[in-house]
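The values are calculated or read from the model by the stated rules, or taken from the named source; none is laboratory data. Worth saying up front: this structure is predicted, and the values here are computed from it rather than measured. Here the Cβ is made from the backbone with ideal geometry for all residues, glycine too, and neighbour counts use every protein chain on show.
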Ligand code: CAO
């Protein structure tokens, strides 16, 4: 059994043991760090010096040691009786390297003096000396090893140990925090700072209902995941509006009253057939497009409790009157808060129409799994140049937001242009 001694630490007073890295029965190699000491200026790792099995440890974290303190015993492996430091002492290049690891002259511990005896050489050659400079993370070898294994940059970890030393728990909770942070960007989303508004004047608090909360989640998810662009266009609906007015006049004695929106839905269904990539979803891994053979359209409905989006199925197969009736029925069920989940599932593409309210344009948000959404603002009379003169035309503002991972700008412009053509002359969708 051989004693394990603290090597000469130079002129240093008693120093703290801050890590004990082995226990009785552990098999160690000569260059393996078994203790970590902390001087005022540096952290010093003490190697075993022999290959063998630890038979006792006589110090614990918090104890103080000085040069020559016996800190344990080792059953030296047969043939390894000579401390390995003897061989190491003959390697001045290594000595230089160890000293270079010190960050500043102030941080240089006395163990690097020129009068290097064998035990001193052990400290210089085998100890990894680190400055206590604030810019260098302050952690023991076990913690550094753990950080390396987990790919953690120690300079980003806040140490909670003695003198801000980074502990294993600090590394683990750093990893836990990162895992819990929102993914996608890899940077996480900075939190909105909490402000006490009452310091500026009186306030009241109004809890958000479930619909508003669900909308908030869906919109945040959409904006964080989808790179979105909005394409604007205008359709001349002068003739369409005249037609609608005529039908409504005919139906005034009890028939179905048509709004503009069902015409738009019908035209949109046809345009989606023409441009199948708009009637699609991106697979979760982003490797393929899932094209839908059906056209089910979601229609955003403004309800007293918030935004709801019932779905009208197989729009292309329905007449304008059927679409009108279904839209009116679903919008009224939505406002009564009686929509079922099935009423809101299966949509391929949504329309958000604010035309009945007002506004000249807006940018609707594409919510995955959809790859586009159409916004409709209020049609208004505008002077339009017909090649000879300005003529008054009823122009409908359209805004198509699309997922730029799936749809290119040129396709989006062609899509809205096709909508414009169909809206200008409904007969084209019969072809
Ligand atoms: N331009 C001009 N007039 C329009 C128009 C437009 N783009 N869209 C509708 N109108 C007209 C209608 O034709 C109707 O006119 P008449 O009274 O002459 O028939 C009138 O405005 C009222 O229409 P409406 O809004 O009641 O009905 P609609 O079929 O157009 O829309 C619905 C139904 C459910 C979509 C609508 O009531 C609604 O809730 N809109 C809000 C949607 C919303 O909140 N979107 C935002 C989502 S993101 O937060």
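Assorted remarks:
- Selection of first residues in segment 309-338 that are in contact (Cβ under 8 Å) with a residue 60 or more places away in the chain and at negative phi and of second residues that are part of a helix (DSSP H, G or I) and more than 11 Å from the ligand (Cβ to nearest atom), restricted to Cβ pairs under 6 Å at least 6 apart or on distinct chains, gives the following pairs, ordered by first then second residue: 320/266.
- Counting only strands (runs of 3 or more DSSP E) that sit wholly inside segment 19-59, not one has at least 3 residues that are modelled with pLDDT of 90 or more and farther than 15 Å from residue 2 by Cα.
- Positions within segment 60-93 being at pLDDT 90 or above and closer than 20 Å to residue 23 by Cβ, in sequence order: 60, 63, 65, 69, 70, 71, 72, 73, 74, 75, 76
- Check on residue 119, at pLDDT 85 or above and either crowded, with 20+ Cβ neighbours inside 10 Å or under 26 Å from residue 24 (Cβ atoms) (or both): no
- Residues that are near the ligand (Cβ under 8 Å from one of its atoms) and in contact with a helix residue (DSSP H, G or I) (Cβ under 7 Å, 6 or more places away or on another chain) within segment 352-370 comprise 353, 355, 365, listed in sequence order.
- Any hit, segment 258-274, residues being more than 12 Å from the ligand (Cβ to nearest atom) and at positive phi: no
- Restricting segment 371-407 to residues that are out of contact with any strand residue (DSSP E or B) (no Cβ under 6 Å at 6 or more places or on another chain) and under 17 Å from residue 272 (Cβ atoms), the residue that is nearest to the ligand (Cβ to nearest atom) is 403.
- When the criteria are applied in full, residue 177 meets the requirement of being farther than 30 Å from residue 401 by Cα and part of a helix (DSSP H, G or I).
- Each residue in segment 248-257 was checked for being more than 11 Å from the ligand (Cβ to nearest atom) and surrounded by 14 or more Cβ atoms within 10 Å (Cβ to Cβ), and 1 pass.
- Some residue of segment 418-426 being under 22 Å from residue 222 (Cβ atoms) and touching a residue at least 40 places away in the same chain (Cβ under 8 Å): no
- Members of segment 227-254 found to be more than 19 Å from residue 426 (Cβ to Cβ) and without any contact (Cβ under 8 Å) to a residue 60 or more places away in the chain, listed by number: 252, 253, 254
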